[in-house]
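Q: I'd like to ask you about the structure that follows.
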Amino acid sequence: MLTAVKNQLKITLLTIKFALMREMLNKVTFVTNIIFMILNNASFIVQWIVLYSLKDNVGGYTFNQVLLLWGIAAGTYGVSRFFFKKAFSLAETINNGKLDSFLVQPKNVLLSVITTDVEPSAIGDILYAYIMLFIYGFSIEKFLLFTLFIFTGGFMLTAIAVILGSLSFWFNKTDMIADVGNSLTTNFATYPDGIFKGVVKGILYTIIPVGMINYIPIKILTEFNLGLTIAVLGFTIFMIALAFFVFFKGLKKYSSSNLMIARL
Amino acid sequence: MAIIEVKNLSKTFRVKLKEKGLKGSLKAIFKPKYKVVKAVKNINFEVEKGEMIAFIGPNGAGKSTTIKMLTGILYPDKGDVKVLDIDPKKERKKLAYNIGTVFGQKEQLWTHLTPYDNFKFFGAIYDIPESRVEKKIEELKELFELEEFINTPVRNLSLGQRIRCEIVASLIHEPKVLFLDEPTIGLDPVVKENIRSLIKRMNKEYKTTIFLTSHDVGDIEKLCKRVIIINNGQVVLDDSMENLKYHYLNKKIVEAKMKEKVNLDDEEGITILKDKGYNLKIEVDTQKRSVADALKLLNPDNIVDINISNMPLEEIISNIYKDEAGK
Amino acid sequence: MRKYLFIFKSELMSNLQYVFDIFVGFIGYFIMLFILFNLWEYMYSDPSELINGYTMSQMTWYVIVTEILWMTLGGRKLCRKICNDVRGGNIAYNINKPYSYIGYSLFSHLGGIALKGLIYTILGMIMGFCFLGEFPTINIFSIVAVLITGILATIISILLITFIGLFSFIIEDANPFYWLYSKFILVLGTIFPIEYFPAVMQPILTFSPIYVVSYGPAKLFVDFSWSNFLSVLIAQIIYVIIGYLLCTLIYKKGVKNLNVNGG
């Protein structure tokens with residue numbers, strides 16, 4: 001069992017390494033992508049400078065905390081898109097029958113599929129995330145916690161993408177819905193939760209787990225709380241398990257490239 | 001013991017129908033219409049260890065669907081599949097360690113890496129210890145003559161070289177059964193011949209059971225001793241290559257160039273395929289009429305040139321398809 | 001002119017089959033506006049408060065309009081298409097056609113986005129009313145004025161993006177320039193009206209494309225005045241002319257080089 005896990009991990013890391021090597025063939029494009037993503041994220045600071053010129057406190061966050069919120073948002077986004085890029089086009093992979101070559105390998109199909117490509121610009125997101133952490137205030141403890149949370153959050157974003165993508169096993173035309181669903185979390189992730197009220201706030205801690213991905217980590221980074229940390233870890237495991245469950249449930253419905261659309 | 005056992009295997013797909021125009025697409029969203037397509041209907045067959053078997057049929061006959069159920073890609077609706085006594089449905093990973101697959105149109109290699117690095121990667125996928133992988137690569141490199149380009153990135157290789165590498169990649173873990181789906185598609189005749197002899201050699205060397213689908217009659221004729229023909233999702237013929245040929249070998253094609261025009265009509269055992277005055281092409285059913293009889297009809301003194309041949313396998317197979325369709 | 005209307009119409013018709021996609025895409029727009037609505041509700045301690053001359057309702061309607069203009073535009077796709085036309089040699093194929101490439105590009109893109117614009121406008125208005133329970137003070141004339149300036153805003157955007165795309169004649173890849181342009185419009189011209197920025201920046205923003213492609217129509221919608229309409233309209237007409245001239249200039253120069261190089 002343990003060797004199986006070790007072997008699986010080895011293959012996953014090797015796949016990511018090879019995918020990265022492929023992206024690095026064109027070094028200029030590779031570096032440009034990363035730099036542009038950092039600039040892209042940085043441009044949004046303008047919005048917050050304007051807002052904080054009106055009020056010292058937006059949704060219970062100080063300006064510094066908003067920077068940290070952006071750090072977590074960019075970091076989780078970066079982790080999910082860098083390591084698991086293909087999770088975000090899973091619907092397409094399923095519809096085009098591209099799972100075949102992974103199904104004949106003695107490894108976990110889902111992991112093999114989603115790690116088979118990396119997104120270079122996501123490196124820019126991750127770098128930007130750490131820049132935000134340094135501006136917010138650096139300490140070894142914060143660095144470790146921050147790293148932990150961009151990974152738990154990244155895993156949760158990936159899990160959501162896998163669940164939405166797996167809908168394609170059952171229904172047609174779900175790729176657009178998956179796209180909208182994936183951008184949903186990102187949209188909410190960059191605004192303080194204090195601006196939302198009531199039901200919406202409830203949704204943000206459950207169905208769209210932005211609370212678990214972004215808001216609670218901000219709380220923990222501001223003031224450490226063991227209970228909340230365990231809650232985040234627990235929810236991450238739950239989301240990952242759910243993603244695997246849904247994917248493998250759907251896999252039985254997989255129709256390879258046989259599902260074509262006949263025109264009348 | 002049979003190495004592949006297929007019992008009452010069936011698979012159905014729901015194919016979405018789309019009507020034309022805006023109304024059609026709106027309807028498709030809210031009330032999608034489906035057509036049930038029975039891709040595979042109640043198939044039965046067995047393959048013995050070390051056999052080289054050809055699994056053929058026209059497009060859409062259910063070939064790929066069957067091969068995908070055998071390799072664990074698709075879930076069957078009904079029936080049982082056992083490959084090496086493993087049920088692909090239940091133990092996909094265990095099966096994967098023991099079989100190899102080459103899908104001619106789908107590439108499994110990383111194109112920016114060299115074949116060597118790719119082989120090492122596949123070694124890792126199948127959990128083979130480093131030292132054994134090295135040895136195996138060395139061995140297959142000899143067998144498949146890869147020395148020249150084993151350190152050239154795959155994207156710089158020719159199609160034929162790539163296919164060879166694809167086959168080697170699927171042999172790293174010493175599979176007991178190898179599934180080849182259209183392995184020679186798009187290759188030129190010389191390369192095709194080369195790939196065929198390599199496959200043959202491999203079968204001899206490692207006693208690997210080979211399950212081959214192909215449109216190329218050459219592949220089938222040169223490699224396989226047994227043929228399963230599938231059409232409309234059903235097995236229409238499961239016989240040895242010899243029987244298949246023999247069954248149709250009683251038909252001879254006689255092509256003759258004549259000095260003078262002959263007037264011939266179809267009669268018992270003789271069918272006129274082509275009659276261009278001086279050039280004749282007739283089919284003789286030797287069970288009903290001897291070839292000598294047929295030649296007498298032509299008047300041997302008048303023959304300038306003659307060629308008597310067996311019916312080509314291509315035609316035999318297409319005849320079987322047609323017979324089936326006619327039923 | 002008739003052939004351009006035909007191009008517009010056939011693009012529009014072929015887009016009818018994507019109605020479903022447009023509705024799904026609207027969900028994303030809805031979420032974004034929902035967040036911004038919550039943000040403004042939070043920022044205003046009471047609805048009658050004025051920040052930089054805007055009430056809370058006006059701020060929300062302002063963003064609804066600028067975001068409709070922005071999301072409908074599909075600028076990245078347009079820029080990519082023009083870059084590909086230039087680099088892929090499609091433009092050489094267009095030289096012999098009896099229409100201008102600029103006109104073709106403008107009308108085919110307009111046709112491609114018209115339906116989306118219509119659906120977003122209708123749904124956006126309904127959504128805004130649900131959020132706020134009121135419309136800004138409007139009348140028939142102001143609605144017509146906003147529609148005219150809105151369409152002109154889109155035409156100017158398309159011309160400017162076409163201009164950027166045609167830069168591919170000179171440099172390898174013009175997409176980064178589009179990226180800069182889009183950041184400029186998004187960050188400085190979509191979320192806040194010009195009045196929200198420091199006094200030193202305001203004149204610059206007023207003369208920039210922001211005034212004609214987003215601020216103008218949105219401001220007219222939330223606070224209509226005839227004098228404002230006139231100044232926006234004049235500015236837009238000037239921009240249309242400049243935009244068209246710039247496109248023609250770079251296109252002619254580019255095609256000339258193309259001929260010299262033998263296509």
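The values are calculated or read from the model by the stated rules, or taken from the named source; none is laboratory data. Computed from a prediction, not measured in an experiment: that's the story for all the values here. Don't worry about glycine lacking a Cβ; one is built from the backbone with ideal geometry, like all the others, and counts go over all protein chains shown. Note: areas computed on protein heavy atoms with side chains; ligands, DNA, RNA excluded. Shrake-Rupley method; radii C 1.70, N 1.55, O 1.52, S 1.80 Å.
Q: Accessible area, 1.4 Å probe, largest first: how do C:Phe167, B:Phe122 sort?
A: From most exposed to least exposed: C:Phe167, B:Phe122.
Q: Among B:Glu142, B:Glu221, what's the order by accessible area (1.4 angstrom probe), most exposed first?
A: B:Glu142, B:Glu221
Q: Here is a further query. Per residue, what volume in Å³ does the convex hull of the Cα atoms of the range A:39-83 enclose?
A: 65 Å³
Q: Right, something else. Tell me, what is the percent relative contact order of chain A, built from C-alpha pairs under 8 Å that lie six or more residues apart?
A: For chain A, the relative contact order is 27 percent.
Q: Related question: On a 0 to 90 degree scale, rounded to 10, what angle separates helix A:226-251 from the longest Cα axis of chain A?
A: 20 degrees
Q: Moving on. Would you list which aspartates and glutamates come within 13 Å of B:Lys82, measuring only between C-alpha atoms, while excluding same-chain residues fewer than 8 positions from it?
A: The reachable aspartates and glutamates, counting only those whose Cα sits under 13 Å from B:Lys82, are B:Glu5, B:Glu46, B:Glu48, B:Glu91.
Q: Please find the FRET efficiency linking C:Lys256 to C:Phe34, where r is the Cβ-Cβ separation and R0 is fixed at 51 Å, and quote it to the nearest 0.05.
A: Once the sixth-power term is evaluated, E becomes 0.50.
Q: Which percent, to the nearest 5, of DSSP beta bridges fully inside the protein assembly as shown are antiparallel?
A: In the protein assembly as shown, DSSP labels about 70 percent of beta bridges as antiparallel.
Q: Related question: Would you work out which of C:Leu16, A:Ile160, B:Val47 lies farthest towards the positive end of the dipole of the protein assembly as shown, given +1 charges on the beta-carbon of Lys and Arg and -1 on that of Asp and Glu, about the Cα centre?
A: About the Cα centre, the residue reaching furthest to the positive side is C:Leu16.
Q: Which of A:Lys98/B:Lys141; B:Lys11/B:Lys204; A:Lys197/C:Lys116; B:Lys245/B:Lys281; A:Lys17/A:Lys252; B:Lys49/B:Lys225 have a Cα-Cα distance over 22 Å?
A: A:Lys98/B:Lys141; B:Lys11/B:Lys204; A:Lys197/C:Lys116; A:Lys17/A:Lys252
Q: Taking amide H atoms as placed 1.01 Å from N in the peptide plane, list the residues 5 or more away in sequence, or in a different chain, whose amide H sits under 5 Å from that of B:Ala2.
A: Here the answer is none, since no amide H 5 or more places off falls under 5 Å of that of B:Ala2.
Q: Once both labels are modelled 7 Å past Cα along the beta-carbon direction, what's the C:Arg87-B:Leu143 spacing in nm?
A: Label at C:Arg87, label at B:Leu143, 4.5 nm between them.
Q: If one takes the longest principal axis of the Cα atoms in chain C, at what angle in degrees, from 0 to 90 and to the nearest 10, does the Cα axis of helix C:140-166 lie?
A: Long axis of C:140-166 versus the principal axis of chain C: about 40 degrees.
Q: While we're looking at this one, here's another question. With +1 on each Lys and Arg Cβ and -1 on each Asp and Glu Cβ, and nothing else charged, work out how big the dipole of chain A is about its Cα centre, in Debye to the nearest 20.
A: I would put it at about 660 debye.
Q: Please list 3J(HN,Hα) in residue order for the range C:38-47, calculated via the Karplus relation 6.51 cos²θ - 1.76 cosθ + 1.60 where θ = phi - 60°; whole Hz, with x for glycine and proline.
A: Per residue, the Karplus-derived 3J(HN,Hα) values read 4, 4, 5, 4, 6, 5, 8, 6, 9, x Hz.
Q: Between B:Lys93 and B:Arg132, take the C-beta separation as r, use R0 = 22 Å, and let me know the FRET efficiency to the nearest 0.05.
A: 0.65
Q: Suppose accessible area is computed on protein heavy atoms with a 1.4 Å probe; arrange B:Val83, A:Val28 from highest to lowest.
A: Heavy-atom accessible area, descending, gives A:Val28, B:Val83.
Q: For chain B, modelled as a Gaussian network with Cα springs under 10 Å, which listed residue fluctuates most, B:Pro76, B:Pro183, B:Pro129?
A: B:Pro129
Q: Next up: With θ set to phi - 60°, apply the Karplus curve 6.51 cos²θ - 1.76 cosθ + 1.60 along the range B:174-187 and write out the HN-Hα couplings as whole Hz, x wherever there is a Gly or Pro.
A: After applying 6.51 cos²θ - 1.76 cosθ + 1.60, I find 6, x, 8, 10, 10, 9, 10, 9, 6, x, 10, 5, x, 9 Hz.
Q: On to the next question. Over the Cα atoms of the range B:251-326, each weighted equally, I'd like the Debye log10 I(q)/I(0) at q = 0.12, 0.17, 0.18 Å⁻¹, rounded to two decimals.
A: -0.35, -0.66, -0.72
Q: Also, quick follow-up: Solvent-accessible area of B:Arg132, probe 1.4 Å, all protein chains present, reported in Å² to the nearest ten, please.
A: 130 Å²
Q: Count, for each residue of A:101-114, the Cβ atoms from other chains sitting within 10 Å of its Cβ, then give me the mean as a whole number.
A: Average neighbour count from other chains, rounded to a whole number: 5.
Q: Need one number: the % of Cα-Cα pairs in the range A:1-101 sitting beyond the 20 Å mark.
A: That fraction is 62 percent.
Q: Per the helix-only calculation at 222 nm, which mean residue ellipticity applies to chain C, given -39500 (n - 2.57) for every DSSP H run of n ≥ 4 and division by its residues, nearest 500 deg cm²/dmol?
A: -25500 deg cm²/dmol
Q: In degrees between 0 and 90, to the nearest 10, how far off the longest principal axis of chain A does helix A:63-83 point, with axes built from Cα atoms?
A: Helix A:63-83 and the main axis of chain A meet at about 10 degrees.
Q: Quick check on the range A:168-264: what does the Kirkwood estimate of hydrodynamic radius come out to from the alpha carbon pairs, in Å?
A: Averaging 1/r across every pair of different Cα atoms and inverting gives 16.1 Å.
Q: Residues in the range C:17-48 near a label at A:Val199, defined as backbone nitrogen under 16 Å from the 7 Å Cα→Cβ point?
A: C:31, C:34-35, C:38
Q: Work out the length of the dipole vector of chain C about its Cα centre, built from +1 on the beta-carbon of each Lys and Arg and -1 on the beta-carbon of each Asp and Glu, and round it to the nearest 20 debye.
A: It works out to roughly 1380 debye.
Q: Let me ask something else. Can you compute the modelled spin-label distance between B:Met1 and C:Glu49, with each label point 7 Å from Cα toward Cβ, in nm?
A: 8.0 nm
Q: Right, something else. Whose amide H sits under 5 Å from the amide H of B:Thr101, counting only residues 5 or more places off or on another chain, with H placed in the peptide plane?
A: The answer is B:Phe179.
Q: Here's a follow-up. Based on a Kirkwood Rh over C-alpha pairs, give the Stokes-Einstein translational diffusion coefficient of the range A:84-215 at 4 °C and viscosity 1.567 mPa s in µm²/s.
A: 78 µm²/s
Q: Something else: How many Å² of accessible surface get buried when A and B come together, counting both sides, probe radius 1.4 Å, rounded to the nearest 100?
A: It comes to approximately 3400 Å² buried between A and B.
Q: Taking the Cα-to-Cβ direction at B:Asp275 and at A:Ile207 and moving 7 Å from each Cα, how far apart do the two end points lie in nm?
A: For B:Asp275 paired with A:Ile207, the spin-label model returns 7.9 nm.
Q: Continuing with the same structure: Looking only at Cα atoms, what is the convex hull volume of chain A per residue, in Å³?
A: For chain A, the hull spanned by Cα atoms encloses 168 Å³ per residue.
Q: If you scale each eigenvalue of the Cα gyration tensor by 5 and take the root, what three semi-axes come out for chain B, rounded to whole angstrom and sorted largest first?
A: After scaling each eigenvalue by five and taking roots: 42, 29, 20 Å.
Q: Given the Cα atoms of the protein assembly as shown, and with Rh set as the inverse mean 1/r over their pairs in the Kirkwood sense, what is Rg to Rh to two decimals?
A: That ratio is 1.06, to two decimals.
Q: Taking +1 at the Cβ of each Lys and Arg and -1 at the Cβ of each Asp and Glu, which of B:Thr286, B:Gly62, B:Pro175 sits farthest along the dipole of chain B towards its positive end, judged by Cα position relative to the Cα centre?
A: B:Gly62
Q: Further question: Which value, in Å³ per residue, describes the convex hull spanned by the Cα atoms of the range C:152-260?
A: Given the Cα convex hull of the range C:152-260, per-residue volume reads 99 Å³.
Q: Taking the Cα centre of the protein assembly as shown as origin and charging only Cβ (+1 Lys, Arg; -1 Asp, Glu), how large is the dipole, in debye to the nearest 20?
A: That gives the protein assembly as shown a dipole magnitude of about 940 debye.
Q: Here is a follow-up. Counting only other chains, and only Cβ atoms inside 10 Å, what mean value do you get across the residues of A:181-193?
A: 2
Q: Then there is this: How big is the range C:2-260 in terms of Cα radius of gyration and Dmax, in angstroms?
A: 19.1, 66
Q: What is the log10 of I(q)/I(0) for the range A:150-195, computed with the Debye formula using one identical point scatterer on each Cα and no solvent, at q = 0.16, 0.26, 0.27, 0.30 Å⁻¹?
A: -0.49, -0.93, -0.96, -1.06
Q: Please give the FRET efficiency for B:Tyr246 paired with B:Asp266, using the beta carbon to beta carbon distance and R0 = 25 Å, rounded to the nearest 0.05.
A: For R0 = 25 Å, the calculated efficiency reads 0.55.
Q: I've got another one for you. Need one value: the accessible area of C:Thr149 in square angstrom, 1.4 angstrom probe, rounded to the nearest 10.
A: Roughly 0 Å² of C:Thr149 is accessible to a 1.4 Å probe.
Q: Find the accessible area per residue for the protein assembly as shown; the probe is 1.4 Å, ligands and nucleic acids are left out, and the unit is Å².
A: On a per-residue basis, the protein assembly as shown sits at 47 Å².
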